[in-house]
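Participant: Have a look at this one before I ask anything.
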Amino acid sequence: MSETSAETEEKKAEEVAEEVEAESSEEGSEKTDIPESEDYKAKYYYLAAEMENMRKRFDREKESLLKFGNEKILNGLIEVIDNFDRTVDSLVSDEDEKIKNIVKGIEMVRTQFLETLENNGLKRIEALGEQFDPNFHEAISQQEVEGEEEDKIVQEFQKGYMLNGRLLRASKVVISK
């Protein structure tokens with residue numbers, strides 16, 4: 001099993017402490033201008049600062065893992081949302097009462113599913129009618145539209161999503177020219 005970064009940082013700190021101890025024993029035999037207590041004090045402060053930096057680095061890594069650790073699973077779940085949307089779109093125009101009830105049930109499950117994902121940091125990128133932004137949108141084609149300014153999104157083929165401010169999937173769109 002591979003070592004965690006915490007274990008490797010701890011080993012580094014132990015090695016530095018051993019080096020400091022070895023240097024102090026070597027320096028003990030030689031006379032230096034710095035009093036021995038000052039030398040130990042400087043080494044102590046160095047080690048204390050290293051430990052504080054290590055703790056802060058671990059906190060940042062932990063926070064990042066909590067925010068983005070479920071990114072792979074959410075990518076797969078976005079496909080499920082797409083399938084819900086396709087199902088509703090294909091059945092919504094049906095006039096049969098039973099089909100209408102099924103569509104209503106699917107929409108309710110989809111809404112609940114989306115709310116759960118949104119509570120965990122997933123956010124839908126609004127694209128239709130917005131100005132094209134290559135950071136959030138992927139243009140798959142251009143279309144001439146009367147009365148529309150250039151690079152305005154006129155159609156959305158696939159919805160885009162963000163996870164805690166990080167792009168998870170870009171929206172696939174058609175833009176005006």
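Participant: Does residue 43 meet the test of being surrounded by 13 or more Cβ atoms within 10 Å (Cβ to Cβ), free of Cβ contacts under 8 Å to residues at least 24 places away in the same chain and either more than 13 Å from residue 122 (Cα to Cα) or out of contact with any helix residue (DSSP H, G or I) (no Cβ under 9 Å at 6 or more places or on another chain) (or both)?
Facilitator: yes
Participant: OK, next. Before we move on, is residue 82 out of contact with any Ser or Thr (no Cβ under 7 Å at 6 or more places or on another chain), at pLDDT 85 or above and of a type in the set (Asp, Glu)? First the steps, then the outcome.
Facilitator: Working: out of contact with any Ser or Thr (no Cβ under 7 Å at 6 or more places or on another chain): yes; at pLDDT 85 or above: yes; of a type in the set (Asp, Glu): yes.
Yes; evaluated as a whole, the condition is true for this residue.
Participant: Can you work out which of the residues in the stretch 46-68 that are of a type in the set (A, V, I, L, M) and either surrounded by 13 or more Cβ atoms within 10 Å (Cβ to Cβ) or closer than 18 Å to residue 12 by Cα (or both) is nearest to the chain's Cα centre (by Cα)?
Facilitator: Within the stretch 46-68, the match that is nearest to the chain's Cα centre (by Cα) is 54.
Participant: Those residues that are assigned to a strand (DSSP E or B), closer than 26 Å to residue 70 by Cα, free of Cβ contacts under 8 Å to residues at least 40 places away in the same chain and not acidic (Asp, Glu), I need them from the stretch 113-146; list them, please.
Facilitator: Across the stretch 113-146, the qualifying residues are 124, 137.
Participant: So, one more: Looking at the stretch 86-97, is at least one residue of a type in the set (A, V, I, L, M, F, W, C), outside any helix (DSSP H, G or I) and modelled with pLDDT under 90?
Facilitator: Within the stretch 86-97, one or more residues are of a type in the set (A, V, I, L, M, F, W, C), outside any helix (DSSP H, G or I) and modelled with pLDDT under 90.
Participant: Name every residue in the stretch 44-71 that is among the hydroxyl-bearing types (Ser, Thr, Tyr) and within 24 Å of residue 163 (Cβ to Cβ), in order of residue number.
Facilitator: Scanning the stretch 44-71 gives a single hit, 64.
Participant: Report the residue count in the stretch 147-168 for those that are part of a strand (DSSP E or B) and not hydroxyl-bearing (Ser, Thr, Tyr). Break it down into steps so the answer makes sense when it comes.
Facilitator: Let us first name the residues in the stretch 147-168 that are part of a strand (DSSP E or B), namely 152-158, 160-163, 166-168.
Still in the running and not hydroxyl-bearing (Ser, Thr, Tyr): 152-158, 160, 162-163, 166-168.
Result for the stretch 147-168: 13.
Participant: While we're here: What's the number of the condition residue 127 fails, among (1) aliphatic (A, V, I, L, M); (2) touching a Leu at 6+ places or on another chain (Cβ under 9 Å); (3) within 14 Å of residue 169 (Cα to Cα)?
Facilitator: It is condition (2) that residue 127 fails.
Participant: Answer yes if at least one residue in the stretch 81-95 is basic (Lys, Arg) and exposed (fewer than 15 other Cβ atoms within 10 Å of the Cβ), and no otherwise. Talk me through it step by step, then tell me what you get.
Facilitator: Let us first name the residues in the stretch 81-95 that are basic (Lys, Arg), namely 86.
Next, only the ones that are exposed (fewer than 15 other Cβ atoms within 10 Å of the Cβ) stay: 86.
Checking the stretch 81-95: at least one residue is basic (Lys, Arg) and exposed (fewer than 15 other Cβ atoms within 10 Å of the Cβ).
Participant: Tell me, which residue of the stretch 110-144 that is closer than 30 Å to residue 176 by Cα and polar (S, T, N, Q) is surrounded by the most Cβ atoms within 10 Å (Cβ to Cβ)? Steps first, answer last, please.
Facilitator: Within the stretch 110-144, the first condition is being closer than 30 Å to residue 176 by Cα, and the residues that meet it are 114, 122-144.
Then keep just the ones that are polar (S, T, N, Q); that gives 131, 135, 141-143.
Working: 131: 12, 135: 6, 141: 11, 142: 14, 143: 11.
Among those that are closer than 30 Å to residue 176 by Cα and polar (S, T, N, Q), it is 142.
Participant: If you take the residues of the stretch 91-137 that are assigned by TED's automatic domain parsing to the domain that holds residue 156 and among the aromatic types (Phe, Trp, Tyr), which of them is nearest to residue 165 (Cα to Cα)?
Facilitator: Across the stretch 91-137, the extreme among qualifying residues is 136.
Participant: Under 6 Å by Cβ, and 6 or more places apart or on different chains, what pairs join a residue from the stretch 60-74 that is modelled with pLDDT of 80 or more with one that is of a type in the set (Phe, Trp, Tyr)?
Facilitator: none
The values are calculated or read from the model by the stated rules, or taken from the named source; none is laboratory data. Predicted, not measured: the structure shown is a model, and the values here were computed from it. Here the Cβ is made from the backbone with ideal geometry for all residues, glycine too, and neighbour counts use every protein chain on show.
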